[in-house]
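Enquirer: Starting off with a structure, shown below.
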Amino acid sequence: MVFLVALFAVPAVLQVVGFTATGIAGGSMAAGLMSTAAIANGGGVASMAAGGIIAAAQSIGATGALATSTYVGAAGGDAALAGHVASNR
């Protein structure tokens, strides 16, 4: 049951925070996360690895689909970003 809730809730939440079908919404929480990720990875959007958590969130937000097997690596690989965001609050 929890999986079914996540299957529908995660894409909706990502869209609300700014990961939209047309890209990351300017001034949104998603834009702030993207900026933080870029700074944490040495600066610039190009410094963020494809398949990272920001790319995964944007893909889910854009398509409205949660494909868990695709994003397992992204969630583990960007744990440092989560720590960086948490330490800046």
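The values are calculated or read from the model by the stated rules, or taken from the named source; none is laboratory data. Model, not experiment: these values are computed from the prediction. With ideal geometry, Cβ positions are generated from the backbone for all residues, glycine too; neighbour counts draw on all protein chains shown.
Enquirer: Which residue out of Gly27, Gly18, Gly23, Gly61 is on the phi > 0 side of the Ramachandran plot, among the small types (Gly, Ala, Ser) and in contact with a Ser or Thr (Cβ under 7 Å, 6 or more places away or on another chain)? I'd like the intermediate steps shown before the answer.
Expert: On the way: Gly27 fails: in contact with a Ser or Thr (Cβ under 7 Å, 6 or more places away or on another chain); Gly23 fails: in contact with a Ser or Thr (Cβ under 7 Å, 6 or more places away or on another chain); Gly61 fails: on the phi > 0 side of the Ramachandran plot.
Result of the check over Gly27, Gly18, Gly23, Gly61: Gly18.
Enquirer: Residue under question is Val85, and the condition is that it be surrounded by fewer than 18 Cβ atoms within 10 Å (Cβ to Cβ) and at pLDDT below 65; does it hold?
Expert: Details: surrounded by fewer than 18 Cβ atoms within 10 Å (Cβ to Cβ): yes; at pLDDT below 65: yes.
Criteria met by Val85.
Enquirer: Are there any pairs with C-beta distances below 9 angstrom linking a residue in the stretch 1-21 that is aliphatic (A, V, I, L, M) to a residue that is in a helix (DSSP H, G or I) and modelled with pLDDT under 85, with the two at least 6 apart or on different chains, and if so which?
Expert: What qualifies is Ala6/Thr68; Leu7/Thr68.
Enquirer: Now a separate question. Go through (1) exposed (fewer than 14 other Cβ atoms within 10 Å of the Cβ); (2) modelled with pLDDT under 70; (3) among the hydroxyl-bearing types (Ser, Thr, Tyr) one by one and return the number of the condition Tyr71 breaks.
Expert: Among (1) exposed (fewer than 14 other Cβ atoms within 10 Å of the Cβ); (2) modelled with pLDDT under 70; (3) among the hydroxyl-bearing types (Ser, Thr, Tyr), Tyr71 violates only (1).
Enquirer: For the stretch 8-49, what are the residues that are among the aromatic types (Phe, Trp, Tyr), at pLDDT below 90 and outside any helix (DSSP H, G or I)?
Expert: Scanning the stretch 8-49 gives no hits.
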